[in-house]
Amino acid sequence: RLRSNEGFSEGGAGPEVAIVDLLLRNTEDSTTNSTQVLSKDYFSSLPAHDTMAKVQSLLLRGRREEAVLTALTGKQYGLAMIIASACDRHVFQLAARTYASEAMTTVCPLQTFSMLLTGADASNGLWKGVNENESDQQPSYLESTWRQHLSTILSNRIA
């Protein structure tokens with residue numbers, strides 16, 4: 001039997017676990033080699049490389065959700081979104097919401113659209129900007145941009 005009914009689960013006894021263990025038996029130390037993790041054109045800093053190596057290691061074991069969280073923690077939002085697209089809807093929404101709340105300012109209509117798209121509720125504190133001082137300027141700035149926010153909401157209704 002080559003597949004278990006439940007699919008891959010770490011620590012389980014299914015055939016997938018045995019196959020993955022066999023495939024990775026002598027490669028654990030080589031998984032962090034930068035030529036295997038990063039493309040030649042990718043601008044790499046040590047933190048980005050470390051994050052990508054951890055994410056790759058998690059993916060080798062089928063731990064996609066943990067890989068998404070690791071990528072988000074390392075601010076590798078694109079990577080997190082790619083992996084999250086292979087997960088359930090809630091994980092994808094978490095990745096998109098985290099990106100929108102951490103990388104976009106709250107005064108930007110794009111952030112409003114992104115947060116609505118991910119099902120975020122403004123009352124739960126998820127709509128935060130990157131800049132700590134942003135909340136000080138938000139009321140006056142929103143006076144001049146509220147039409148753009150409302151237009152974005154009305155023009156891009158989410159089903």
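Table: residues versus (1) touching a residue at least 24 places away in the same chain (Cβ under 8 Å); (2) part of a helix (DSSP H, G or I).
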{"position": "GLU65", "(1), (2)": "yes, yes"}
{"position": "VAL68", "(1), (2)": "yes, yes"}
{"position": "LEU72", "(1), (2)": "yes, yes"}
{"position": "GLY78", "(1), (2)": "no, yes"}
{"position": "CYS87", "(1), (2)": "no, no"}
{"position": "ARG97", "(1), (2)": "yes, yes"}
{"position": "THR106", "(1), (2)": "yes, no"}
{"position": "LEU110", "(1), (2)": "yes, yes"}
{"position": "SER114", "(1), (2)": "no, yes"}
task = Go through (1) farther than 21 Å from TRP146 by Cβ; (2) touching a Lys or Arg at 6+ places or on another chain (Cβ under 9 Å); (3) of a type outside the set (Phe, Trp, Tyr) one by one and return the number of the condition SER101 breaks.
result = (1)
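One line per residue, one yes/no per condition, for (1) in the same structural domain as ILE153 (by TED's automatic domain parsing); (2) modelled with pLDDT of 95 or more:
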| residue | (1), (2) |
| --- | --- |
| ILE83 | no, yes |
| TYR99 | no, no |
| THR112 | yes, no |
| ASN131 | yes, no |
| SER135 | yes, no |
| GLN138 | yes, no |
task = Determine which member of the set ARG89, ARG63 is surrounded by 16 or more Cβ atoms within 10 Å (Cβ to Cβ), modelled with pLDDT of 85 or more and either under 30 Å from ILE158 (Cα atoms) or more than 11 Å from the chain's Cα centre (by Cα) (or both).
result = ARG63
task = Any chance you could count how many residues in the range 114-129 are crowded, with 18+ Cβ neighbours inside 10 Å, small (Gly, Ala, Ser) and modelled with pLDDT of 55 or more?
result = 2
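The values are calculated or read from the model by the stated rules, or taken from the named source; none is laboratory data. As the structure is a computational prediction, the values presented were derived from the model and not from experiment. With ideal geometry, Cβ positions are generated from the backbone for all residues, glycine too; neighbour counts draw on all protein chains shown.
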